[in-house]
Each structure stands twice: as C-alpha cells, then as structure tokens.
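The values are calculated or read from the model by the stated rules, or taken from the named source; none is laboratory data. Because the structure is a prediction, the values reported are computed rather than measured. Methodologically, a virtual Cβ is constructed for each residue, glycine included, from the backbone with ideal geometry; neighbour enumeration extends over all protein chains shown.
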Amino acid sequence: MPDGAALVSGPRRRCLLSGTRTTPDRLLRFAVDAAGAVVPDPAHRFPGRGLWLTPAPDAVAAARAKGAFARGAKRRLQVPEDLAARSITAWTAHAAAQVAKARRAGLVLADGAAAVDSDALVADAAPLGLERLALKRTPFTGRLAADLALLARLVGTGI
C-alpha cells in the first residue's frame, strides 16, 4: 500500500490530473452548477462528490486545458477561461471568512510566529496577508488550518 494508505481512514478522493488518491482536506474541490459550469467549491456546499485537484499554481489551468473536468464529470461542461483566478479568489474569501469566524469565537490565541502553548495549532496565514495564527485545537480550527494550507499551495507560497 502506498505511503501508509492503511493508516488513513475516511473518504478518499482522486485528483483529476495526477490520479493520486487522498483525503478531501488535501485537495481542491470543484463542482458543477445548475447551468453546467465548473465552479470552485471551497465550502463544499454544492451537491455531489465533486471534482478534485491537487493544489498547485498551475493545476487548474492544466486541468482546464486537458479537459480533465469534463472527463471527471463524464459529460460536457462549461469551464470558464478565468477558472484559475476564480479559484484563488474563492479560496481566499473562504479562508478569510473562516479566520474571521475563528476570531469571533475566540479560537485565535495569537497572531504571530509562536504558539502560546504546546497544545495550540499553528497555521500559516501568509496568503491572507497575515503571519502565522496560533489557534485553539478544535475540529473547526483543524479544518481552517487545512484550508489555509490548500490556499498557500494554490497560490504557490506553500510546500
């Protein structure tokens, strides 16, 4: 089994470009709207399993050029020319809204590079123009950290 796959539980999704299978929190989700157009879906609100891509600066453009969205959906789709830019905008807005929600809930312990205690979760918020955030460790902040990591890889600042 590749890369400790036996240790990973829960749903797995396949990247349209690379074919790698991993958990949904490590992939960008796209959906098809009622008009048959591909749209970014960072909040996972659209119905269906979605269309998944490994986050990389050129992944959305490459998937569009290769027809990967239509192949993944098994039907003709409208794929906007500016889908890559729309994706960055959608994930940035989603992550910013989640950070604001975490702040209102008192889950942001500190802005800055150092965590305030060993149980804090540190997330890199550079794509939002912030430094690192020290967060209380909760399921919500775990998802927030994963969303920030996806955004960082999408814009090319993450590893």
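Results, tabulated for the structure shown:
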read-out	value
Subset of region 52-65 [in contact with a Leu (Cβ under 8 Å, 6 or more places away or on another chain) and part of a loop (DSSP other than H, G, I, E, B)]	T54, P55, A56, P57
Odd one out for R137 among (1) touching an Asp or Glu at 6+ places or on another chain (Cβ under 8 Å); (2) part of a loop (DSSP other than H, G, I, E, B); (3) assigned by TED's automatic domain parsing to the domain that holds R21	(3)
Within region 66-107, considering residues that are touching a Leu at 6+ places or on another chain (Cβ under 7 Å) and β-branched (V, I, T), the one nearest to V38 (Cα to Cα)	I88
Conditions (1) exposed (fewer than 14 other Cβ atoms within 10 Å of the Cβ); (2) modelled with pLDDT of 95 or more; number of the one not met by P42	(1)
Selection from region 21-32 of residues that are at pLDDT 95 or above and in a loop (DSSP other than H, G, I, E, B)	L27
Top-ranked residue in region 1-20 [being within 18 Å of G72 (Cα to Cα) and assigned to a loop (DSSP other than H, G, I, E, B); ranked as modelled with the lowest pLDDT]	P11
